[in-house]
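Below: the structure, in structure tokens.
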Amino acid sequence: MASPPERRVPRKEVATTVQLDVRPSLLLLRGFVHRCPACGGRHVFRRWFQMEERCPTCTFLFERVEGHWIGSLGLNTTVVFGVMLVVLMAGTLAFYPDPPYGALLTAEVVIAVVGPLLFFPSSRMMWTAVDLLMRPLGPGEIDPRFVKVDPERDRMG
Ligand SMILES: [Zn+2]
């Protein structure tokens with residue numbers, strides 16, 4: 001049996017926050033305000049529901065794997081349910097023992113319908129930020145000028 005080809009020294013992996021020299025909270029905040037989590041660049045969305053495939057600033061491809069946006073759907077749903085829960089709890093506690101059930105129900109329905117639409121761009125970019133936090137950038141994923149630390153590139157010799 002032939003021996004496998006000699007393997008190169010594995011690429012030393014560093015976290016995305018190290019690669020980009022940013023804090024995790026900044027990645028998430030950039031996403032929340034509809035900016036590219038990787039570089040903070042603007043104009044990621046052409047319209048509210050229509051986004052660029054790649055960041056116009058750093059060329060980062062947002063859909064890193066097929067099915068990437070399923071995560072943003074999950075995030076959107078979780079956040080909207082969370083807001084609904086908070087409103088329900090606050091409304092009930094504020095008017096205890098006689099909460100205005102009709103008004104609360106109306107508020108919940110409005111949040112359930114409008115919330116996911118309002119949160120759509122944020123959920124997409126925030127999920128991309130989460131993905132970046134879980135999986136460091138690979139070679140060539142963004143314009144190298146935005147990468148502050150790359151062990152492969154920065155290796156001496
Ligand atoms: Zn970018």
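Rule-based calculations on the coordinates, nothing more; no lab input. Small disclaimer: the values here were computed from a predicted structure and weren't measured. Neighbour counts are summed over all protein chains in view; Cβ atoms, including those assigned to glycine, are modelled from backbone coordinates with ideal geometry.
Determine the calculated [θ] at 222 nm for the chain from helices alone, applying -39500 (n - 2.57) to every DSSP H run no shorter than 4 residues and normalising by the residue count; nearest 500 deg cm²/dmol.
The helix contribution divided over the chain gives -16500 deg cm²/dmol.
Explain nothing, just compute: Karplus ³J(HN,Hα) = 6.51 cos²θ - 1.76 cosθ + 1.60, θ = phi - 60°, for every residue of region 69-78 in order, whole Hz, x for Gly and Pro.
In residue order, the calculated couplings are 6, 4, x, 5, 5, x, 5, 4, 4, 4 Hz.
Using the number of other C-beta atoms within 10 angstrom as an exposure proxy, rank T59, T77, T128 with the fewest first.
T77, T59, T128
What percent do you get for the relative contact order of region 16-143 when only Cα pairs under 8 Å and 6+ apart count?
RCO, region 16-143: 39 percent.
Which cross-chain or sequence-distant (5 or more) residues have an amide H under 5 Å from the amide H of M51, H modelled 1.01 Å from N in plane?
Answer set, sorted by chain and number: R46.
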